[in-house]
Structure formats: C-alpha cells, structure tokens
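Here's the structure, in structure tokens; my notes come after.
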Amino acid sequence: MANAIFVREHGTADVLRWEPFDPGAPAPGEVQIEHRAVGLNFIDVYDRSGLYSHALPVIPGREAAGRIAALGRGVRGFRIGQRVAYVLQTPGAYSQLRNVPAARLVRLPPGISDEQAAALMLKGLTAQYLLRRTHRVRAGEWLLVHAAAGGVGLLLCQWARALGAKVIGVVGHEDKVALARRHGCRHVLVAGRDALATSVRALTREARVQVVYDSVGHDTFFESLDCLKARGLMVSFGNSSGPPPPMAAAELAKRGSLYLTRPSLFHYIDSAAELQAAARELFAAVRSGKLKIRIGQRYPLADAAQAHRDLEARRTIGSTVLIP
C-alpha cells in the first residue's frame, strides 16, 4: 500500500496528514508513476488553505518525477521503468504513486536528475513562458524580478541574464542578496529596506524597467507598477502575500499606458505540442549550463507540513523537493 499527504479540511500546515493511499490501476491512456521526487510550490499552499478551491479531501502537489510503474490500455511510446516528469493543473502529486495521462508526461533526458525535474517542471516551465512567450526578452532590456532568490526567481534571473537582459532582483532578506547576484542579478534590492520605485529609477538612470515579474501580489503590486517605463508590462503571476488589491483601469493610463497580464502556465502548455516544445527548450537551457538548479531544501514527503511552514515563513532558498 502506498501513502500520500491528504488535506481533509482547509487550514494551516497542521491539516496535512500522511495516510495510506491506493491509486488503483491506471485507466486507458494513463500511466502509473512511482514518484522519486515531488516539487513544492506556493500553489500547494493555496490548495491547502482554500484560496484555490477543490473538493475535499485533496492530495496537494502539481509536479513530480519518477519511474513508470504500470501502463494503461492503449498507451504507446512509453515503457515500464522509463524516467518521466509532469506538471498538472489538478493537484495530487504528494503521493508515492499517481496515475497520470500519458499525453501530459515529459520524458527526462540524460543529465536531468529526478530531483532537478521535480524542481523544474512548474518553476522552470513558468520561467520559460514568462521570458520567451509572455514577453520575449531582448538583450539590453531592464527587468525587475520579485522573490529573486526563490525557486522561480533564480531561474528567471539566470535565464534573463543569458538572454542579455539587465536584471534588478528583489529579495526578502539581506542574507539572500549574494545568492541573487550569483544567479544573474545586476542589482539586488531588499524588500522593506530599499524604496523600490525610487531605487529602480536611480539604478536605471530614470529609464525604469520594461517588465516587472511579480509573484508576491498584494504587498508589491502598486510599487511594481511605479517601476515601469511608459508602455511597460506588469506580469502578476503569483500571490504569495495575497491577491493584488482591486485597481481601476485608469491607474494604468496614469502611469504611462501600462500593460497588465495575469498569466497561468497551464494556458501556455495547453496542448501536448506546446508542452513538449517548452520542455525541450527548458532542458536544453539546463544541459547547456545557462540554468543551474538550486535545490536548497529536501524533506521527506511525510514531513510536508514542515516544508509548508518553512516556505510560508520565507525560510527557504531556491527550490524545495519532497522525497517519497
């Protein structure tokens, strides 16, 4: 019998429970995965807390990597024991076994470990679409990246630098400044210490930035807008401090005819072709050395509650993986 982490009522990390779990045999078109590593993300906190609503009980987790343990009827192109990874819109990855649609699997190439893949599927594919599709970053552009020492932030900053952009990172604590610098930031600001908009204007000699990548939400939203140049783009892709406050559309005009988007990864990998193309570019960036995966924390999957507490308290650095 396998085990999984269940949420039977919404609440703090204390509601996470390690319990027996039987996924059953894979249905036609599905593959059963024996997980070797599971990714931890803020979206898991939202699922646990009830910010994102799901029928209870629910098993959190959107991304994982492992080996194929069983094939459902009609599955072609995969074999038992093959290394694969996935990211899904529906939760369920905090488990030792999971049945996954074969069409949503990505084969892992040599040189990409299970832990790297579990840390990459959601965060790495997010960086890919943000930098290559939401806004196609060009050499010489100024960018602002919030949570620059987090899992997505470290990937965004490295990749943006490799594309020739000039990156200003924002971190939550002084002890994360050096890490952000090593991973692509030209300048690093500390939230709560540095006046964001004023500092950005000074660093860019009043030019301000072309794009802000903001995963923080409520606490940074209007300051982020004030960092943008005329016709700049505000990319609000997360809510770690809560949802952004309500805003009148006229605020965008007042600040220079700004653009605002609230994208989701799953709209960028909706088709199997889009998913495979994005994964190929991501894995190629890792294997070429443009992206280095910083796994700062590892927890047993059974200790997911402590992993959630540390994530919410901003005690984590880089990516976190849970080991079944």
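The values are calculated or read from the model by the stated rules, or taken from the named source; none is laboratory data. Because the structure is a prediction, the values reported are computed rather than measured. Positions of Cβ are backbone-derived with ideal geometry, glycine not excepted, and every protein chain shown enters the neighbour counts.
Couple of notes before you dig in:
- Screening ILE168 on (1) modelled with pLDDT of 95 or more; (2) surrounded by fewer than 23 Cβ atoms within 10 Å (Cβ to Cβ); (3) of a type in the set (A, V, I, L, M) shows it passes everything except condition (2).
- Any hit, region 251-260, residues being crowded, with 19+ Cβ neighbours inside 10 Å and part of a helix (DSSP H, G or I): no
- Residue among ILE112, ILE80 that alone is buried (at least 19 other Cβ atoms within 10 Å of the Cβ), in the same structural domain as PRO28 (by TED's automatic domain parsing) and part of a loop (DSSP other than H, G, I, E, B): ILE112
- Check on LEU189, at pLDDT below 95 and either assigned to a strand (DSSP E or B) or buried (at least 18 other Cβ atoms within 10 Å of the Cβ) (or both): no
- Test: SER236 is in contact (Cβ under 8 Å) with a residue 24 or more places away in the chain and not hydrophobic (A, V, I, L, M, F, W, C): yes
- Qualifying residue in region 289-301 (condition: at pLDDT 95 or above and part of a helix (DSSP H, G or I)): yes
- Here VAL209 passes the criteria (1) hydrophobic (A, V, I, L, M, F, W, C); (2) touching a Ser or Thr at 6+ places or on another chain (Cβ under 8 Å); (3) within 23 Å of ARG133 (Cβ to Cβ); (4) at pLDDT 95 or above except the one numbered (2).
- Selected residue [part of a strand (DSSP E or B) and surrounded by fewer than 21 Cβ atoms within 10 Å (Cβ to Cβ)] from ALA64, ALA70, ALA103, ALA55: ALA70
- Inside region 300-321, residues that are surrounded by fewer than 17 Cβ atoms within 10 Å (Cβ to Cβ) and under 15 Å from ILE43 (Cβ atoms) make up a count of 1.
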